[in-house]
Amino acid sequence: MDVLSDLLDGVRARGALFQRTAMSGPWSLRFAGGSPLTLATMLRGRAWIVPDDGEPVPVGTGDIAIMRGRAPYTVADDPATPPQVVVESADYCTPSYEDGPRAEPEDSALLLSGAYTGRGEISERLLLALPEYLVIPADGRRPLFDLLVGEMATDRPGQQVMRDRLLDLMLLSTLRTWFDRSEANAPPWYRASRDPVVGHALRLLHADPARPWTVAGLAAESGVSRAAFARRFTAQVGEPPMAYLAAWRIGLAADLLRDTDATVGSIARRVGYANTFALSVAFKRLRGITPTQHRGTAPSPELGT
């Protein structure tokens, strides 16, 4: 499995929250935060994403914006427009159209956003690979928009599952496009995945992270000498092979601690450590806390808590 597939494999929306908002005149929506990841697009008009701590980011019609993290932010027609409405998690809803769609003025701006609702849906390892805010210009993803908009305009059996999967597809498509952009400053491991030697080693590590890998073993599997492999891997990825493997194992363990009730010992063996003690030492060295402390501080499943 390649690194990006490994990261994206755990993306599973469950009861994702959606909001479609029409706005006229000067407008500004303050999103109170709480979601680990939110996607938004302007179906009509233009907007700015205004972080509390950072530069405003423009969003054009059809562009997809991704907001990572639970910090509040503002979406407005102009960065200078003060917030008029605060959007809490309870304000996310899908309107019922039993009597037909509500009229929306043709000159109004139209915002569509979808939020993942909590733990277990987005890998921590994926979140750590993303900037807080990114925008991908409009391209050929329009069919996904049309499907999602259509699902929001009617009430049909299985609708929530359909919306969840469409949100997942929009996220996966957007991230793959973003990682391929030269200006994205993609993580070193993504760029290194194209290298025939280092990319092969990365696929081996991700296919079986619990295997007792050594630099010599990876070099032999990759068809180069140990010294040449170590130099090439470190130059491409930015850290030595065993340091990369340790960080990846701890990332896997962090997800399992957050998303499952498995014992620390069983998680340790699953990610390549002999026992609870070995995992705890490595976890504290890289994260500064123990596995048990990490599990105790993980966000609850509900949005905004």
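The values are calculated or read from the model by the stated rules, or taken from the named source; none is laboratory data. In this text, all values refer to a predicted model and were calculated from it rather than measured experimentally. Neighbour counts are summed over all protein chains in view; Cβ atoms, including those assigned to glycine, are modelled from backbone coordinates with ideal geometry.
Key figures
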read-out	value
Any chance Gly15 is at pLDDT 90 or above and assigned by TED's automatic domain parsing to the domain that holds Glu124	no
Count of the range 187-198 residues which are assigned to a loop (DSSP other than H, G, I, E, B) and surrounded by 18 or more Cβ atoms within 10 Å (Cβ to Cβ)	2
Listing of helices (runs of 4 or more DSSP H) fully contained in the range 199-305 that carry 1 or more residues being among the small types (Gly, Ala, Ser) and at pLDDT 95 or above	215-222, 226-237, 241-259, 264-271, 276-287
